[in-house]
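Below you'll find the structure, written out as structure tokens, and then a few comments.
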Amino acid sequence: MEPTIPTLYQWAGGEAALQNLFRVFYDKVLQDDLLGPVFRQMSADHPRHVADFVAEVFGGPKKYTGDDGGSHAIMIAHHIGKMLDEPRRKRWMQLLLDTADQIGLPADPEFRSALVGYLEWGSRIAVLNSQLTENPVADTEPMPRWDWGVPGGPFQPKT
């Protein structure tokens, strides 16, 4: 019997770890001179929704598309017209990775490579979509699925 490979969600520490990550992170974002103004109007539920989204992308429960009533298209829609730029994206990445270290997310190279890969991919897409006036993603498009490195790239649509 072959050992079961844990999902990125499980390796990260599950729901509690991801909820903590995004709660602590968005507290920092609100205090940041560069990012604070972009996020000042976010709802109190924003950190939980983002944690649910990332959890689902990392192989966790379908809370974002289930309990939260979200979809990949809805997440994309939140970025449309925000006019994000590279300095903000880099600061967002820096704060999130610093927060991952602060709260003790796993620091092994394999997990961090997958985490950074997803955050780079997602943050760059957010910047691109923030320049648009219409959502390029259909509501029927599947949620992204990020996993440990796999042939053909890490992004695998859920089937």
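A short reminder: the numbers here are calculations on the coordinates, not readings from a lab. For clarity, every value in this text was computed on a predicted model and none was experimentally measured. Quick reminder, even Gly has a Cβ in these numbers, built from the backbone with ideal geometry, and neighbours come from all protein chains shown.
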(message) Can you work out the Karplus-derived ³J(HN,Hα) for every residue in segment 111-126? Use 6.51 cos²θ - 1.76 cosθ + 1.60 with θ = phi - 60°, whole Hz, and x for glycine or proline.
(response) 5, 4, 4, 5, 4, 5, x, 5, 5, 5, 4, x, 5, 5, 5, 4
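Given 0.36 nm per residue, what is the gain on full extension from TRP121 to ALA44 after removing their alpha carbon distance, in nm?
Gain on stretching TRP121 to ALA44: 25.2 nm.
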(message) Below 8 Å between Cα atoms, with a sequence gap of 6+, how large is the relative contact order for segment 11-130 in percent?
(response) 33 percent
(request) Could you work out how far apart the two model spin labels at ALA77 and LYS62 are, taking each label as a point 7 Å from the Cα in the direction of the beta carbon, and quote it in nm? (result) 1.9 nm
